[in-house]
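Each remark here refers to the structure printed beneath this line.
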Amino acid sequence: MNWKEAVQGKLMIQLRNEIFIQYDAETQVLSVSRTDWETGGRETRERTLQSPLQDLNAWMDYSSLELFVNEGEEVFTLRFFTEEDMLDFVVQQTVEQEMAIEVYNMKESGFIVE
């Protein structure tokens, strides 16, 4: 996801109904939360960005997520487990802004380990 200018207001992204990414432009805090598979509770990591959010790249498969913020200024890596097979997402912003979203499907490698 790319914005023509830095994100304003608040941003919330929900991935697979399991991972929540939130950003507050006023504090420049970005947080990522998921379900902790050992405790069943929510686990949240957050970082204060050095510069306003303008670029967010997410690489996700069925159980892992790599999140690159502002071309690698911050990087989040996490595992998650969900019952859902859909790779759906929801994006909400409190301030309307133009953004570009590119989605790519990954092919299965056909790699078999014996």
Descending semi-axes in Å of segment 1-88, equivalent ellipsoid built from Cα gyration tensor: 23, 14, 11
3J(HN,Hα) from dihedral phi, segment 26-38, Karplus parametrisation 6.51/-1.76/1.60, rounded to Hz, x for glycine, proline: 5, 9, 6, 9, 10, 10, 10, 10, 8, 7, 6, 6, 7
Given charges at beta-carbon only (K, R positive; D, E negative), |dipole| of the chain in Debye: 200
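Values in this text are rule-based calculations from the coordinates and carry no lab data. All of these numbers come straight from a predicted model, not from anything done at the bench. Note that each Cβ is placed from the backbone with ideal geometry, even for glycine, and that neighbours are counted across all protein chains shown.
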